[in-house]
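Each remark here refers to the structure printed beneath this line.
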Amino acid sequence: MSELVWIFLSALVVNNFTLALFLGLCPFMGVSSRVETALRMGAANIFVLVVTSLSVSFLNAFVLVKAPYLRIIAFIVVIASLVQVVETVIKKVSPVLFRELGIYLPLITTNCAILGLAIFQTNRGYGFFEGLAFAVGAGLGLTLALVLMASIREETELADVPSIARGMGLVLIIAGSLSLGFMGFAGLLSSS
Amino acid sequence: MSEPALGVSASPHVKGGDSTPTIMWSVVASLVPVVASAIYFFGPSAALLLAASCAGALATEMCFGQRGTRRLCDGSAAITGLLLGLTLPPGLPLWMAFLGGAFGIGFGKLVYGGLGQNVFNPALLGRAFLQAAFPVAITTWPVRAESWWSLRGDNFALPLMSPATQDAFSGATPLGLMKFEQTATSSWDLVLGTTAGSLGETSGLVILVCGLYLAVRRHLEWRIPASIFCTVALLAGGLHLLDAARYPGPVFTLFSGGLMLGAVYMATDMVTSPVTHRGCWIFGAGIGLLVIVIRLWGGLSEGVMYAILLMNALVPFINRATQPRVFGAIEAEGGS
């Protein structure tokens, strides 16, 4: 049990996918201008991560044993079809959210955080429950980073930012500063 | 009386005498004893380092500040430089201190549009940058020099040259001793400040007195340090009762490392702390909790800097969550 908690917390803060491993930066930069949108993007990511993790456990246990060379192709096919499902559902349920997420929704397919999760999970030999804890932790970590970034960006919206740093420049600088802060967690949990 | 009895003007009608420069310069004035004690303990190295980090901060502010916001005279860049200098180890090469000051002001303040708009504390951002860029130089602590006049390390190392390291010079801070060798330093040494460490992380007593002065003049939100001290004391005390051999007691935790300096001078930065009273309590409690977590279970021996930076990032959130209800307002039913 403590192993599962360890995996969860490690993926959530210490090895936060976005701020410590720099995976999934594309939605982090693109969909972080509003807290609400960021939360929903995070939720979509959590869903895709969790279902990916389940499928990867299944694939690793039953299919890829016989054909390990198909690993990356199999992962990508699974992820792409999952994102299609999410896209169709969101388009039907909330057209507004669909428009807000825009190109970043289909781009979850190429979000390296998702493929990263699948590959980490395989390389570290996580089983079903470990993979689940890892996926939920990573998803919440992504959401945490997205929401933090979005709340800071809303705050700086009224600031008198010099023209050289306006827009994406400032976002990258904030991301770097956040990442410097998250360095404080380095080495946490590793000794205990 | 020649003035008309009925004055007509826009509100506010009662004004305090405080302005940004008066507050900033009074903070600088209150830092004088802290700086003096740093120079007393660490000799000329301390003075040189503080001058270098101030020079970095002021030069950046002067060169790159926007026309409207280029206000060297308001003292805020000087505070950033001084505070950054106080977090550095005395043996650090001067060019690193200069770079840290420049980075803190440039990427911590000016890119956001200058004073009052930054998200992270510039001094701490500069320190975190130095920690990431020069992890060895910034954790080399000299113990004791032969005389007060001698330098505490290779302060004059040139940029991009590795400084001449002298083994005799490297010591360990009380926190490092506690974490890696399980040796406790006596509380009395910690309170007075006769221990190894950064320039401003030695004498807790001096910092407390200066903070008290600022709090009385209301240039400092007393709720933030109070909340940090309470959280740290409670958590450290509780853990100490559980396992006294493994976890240090509350007095050690409060007076060791940069906790005093961070709690009194850095967490209370007016720009990067919450605006509501309830928010201040939450902010302080978060810092206290993160400090304990990073110190006791993290890979680093000191976590005050990271704790404050992380809570800085949460300030927009805290502000939103603790927004006071407008007097007389009622919750809208069923949303808008």
**OP:** Please indicate, with yes or no, whether at least one residue in the stretch B:8-19 is among the hydroxyl-bearing types (Ser, Thr, Tyr) and in contact with a Leu (Cβ under 7 Å, 6 or more places away or on another chain).
**Re:** no
Condition set under 21 Å from the mean Cα position of the chain (by Cα) and within 7 Å of chain B (Cβ to nearest Cβ), scope the stretch A:175-187, selection nearest to B:Phe107 (Cα to Cα): answer is A:Ser177
B:Leu310 vs (1) farther than 22 Å from B:Ile207 by Cα; (2) buried (at least 18 other Cβ atoms within 10 Å of the Cβ); (3) out of contact with any helix residue (DSSP H, G or I) (no Cβ under 7 Å at 6 or more places or on another chain): all pass except (3)
Only one of (1) touching a residue at least 24 places away in the same chain (Cβ under 8 Å); (2) at the interface with another protein chain (Cβ under 9 Å from one of its Cβ atoms) does not apply to A:Phe134, and that is (2)
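If you take the residues in the stretch B:251-294 that are part of a loop (DSSP other than H, G, I, E, B) and of a type in the set (A, V, I, L, M, F, W, C), which one is nearest to B:Leu205 (Cα to Cα)?
Ranking the qualifying residues of the stretch B:251-294, first place goes to B:Ala267.
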When the stretch B:185-215 is checked residue by residue, the ones that are open to solvent by less than 20 Å² (accessible area, probe 1.4 Å) and modelled with pLDDT of 85 or more are B:Ile207, B:Cys210, B:Gly211, B:Leu214
Query raised in the report: Among the residues of the stretch A:150-161, is any part of a helix (DSSP H, G or I) and away from chain B (no Cβ under 14 Å)?
Result: no
Does any residue of the stretch A:134-154 turn out to be open to solvent by 50 Å² or more (accessible area, probe 1.4 Å) and of a type in the set (Phe, Trp, Tyr)?
no
Scanning the stretch A:18-36 residue by residue, those closer than 11 Å to A:Ser179 by Cα and open to solvent by less than 10 Å² (accessible area, probe 1.4 Å) turn out to be A:Thr18, A:Leu19
Within the stretch B:216-239, residues buried (at least 19 other Cβ atoms within 10 Å of the Cβ) and assigned to a helix (DSSP H, G or I) come out as B:Arg223, B:Ile224, B:Pro225, B:Ser227, B:Ile228, B:Phe229, B:Thr231, B:Val232, B:Leu235, B:Ala236
Test A:Leu49 against the stated conditions and say whether it is of a type outside the set (S, T, N, Q) and open to solvent by 60 Å² or more (accessible area, probe 1.4 Å).
-> no
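To keep it simple, each residue is scored yes or no on (1) away from chain A (no Cβ under 14 Å); (2) closer than 21 Å to B:Tyr306 by Cα; (3) surrounded by fewer than 20 Cβ atoms within 10 Å (Cβ to Cβ); (4) modelled with pLDDT under 85.
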| position | (1), (2), (3), (4) |
| --- | --- |
| B:Ala59 | yes, no, yes, no |
| B:Gly81 | yes, yes, no, no |
| B:Pro93 | yes, no, no, no |
| B:Ala102 | yes, yes, no, no |
| B:Gly106 | no, yes, no, no |
| B:Phe120 | no, yes, no, no |
| B:Ala128 | no, yes, no, no |
| B:Ala133 | no, yes, yes, no |
Condition first: out of contact with any Cys (no Cβ under 7 Å at 6 or more places or on another chain), under 28 Å from B:Ala321 (Cα atoms), within 12 Å of chain B (Cβ to nearest Cβ) and not in a helix (DSSP H, G or I). Can you find one or more residues in the stretch A:162-172 that meet it? yes
In the stretch B:281-294, residues that are in contact (Cβ under 8 Å) with a residue 12 or more places away in the chain and either among the hydroxyl-bearing types (Ser, Thr, Tyr) or open to solvent by 20 Å² or more (accessible area, probe 1.4 Å) (or both) total 5
Subset of the stretch B:288-327, residues modelled with pLDDT under 85 and within 10 Å of chain A (Cβ to nearest Cβ), comes to B:Leu296, B:Trp297, B:Gly298, B:Gly299, B:Leu300, B:Glu302, B:Gly303
Answer yes if at least one residue in the stretch B:31-42 is at positive phi and surrounded by fewer than 21 Cβ atoms within 10 Å (Cβ to Cβ), and no otherwise.
no
Inset, instruction - Return a yes/no flag: does the stretch A:95-102 have any residue that is open to solvent by less than 50 Å² (accessible area, probe 1.4 Å), touching a residue at least 24 places away in the same chain (Cβ under 8 Å) and closer than 24 Å to A:Leu12 by Cα. - result: yes
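When you scan the stretch B:250-257, do you find a residue that is touching a residue at least 60 places away in the same chain (Cβ under 8 Å) and surrounded by fewer than 21 Cβ atoms within 10 Å (Cβ to Cβ), even just one?
Yes, the stretch B:250-257 contains a residue that is touching a residue at least 60 places away in the same chain (Cβ under 8 Å) and surrounded by fewer than 21 Cβ atoms within 10 Å (Cβ to Cβ).
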Subset of the stretch A:24-81, residues closer than 27 Å to A:Ala175 by Cα and in a loop (DSSP other than H, G, I, E, B), comes to A:Gly24, A:Val31, A:Ser32, A:Ser33, A:Arg34
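The values are calculated or read from the model by the stated rules, or taken from the named source; none is laboratory data. This is a predicted model, so every value here is computed, not measured. Please note: Cβ atoms are built from the backbone with ideal geometry, for glycine as well, and neighbour counts cover all protein chains shown. The accessibility values were calculated without ligands, DNA or RNA, using every heavy atom of the protein model including side chains. Shrake-Rupley method; radii C 1.70, N 1.55, O 1.52, S 1.80 Å.
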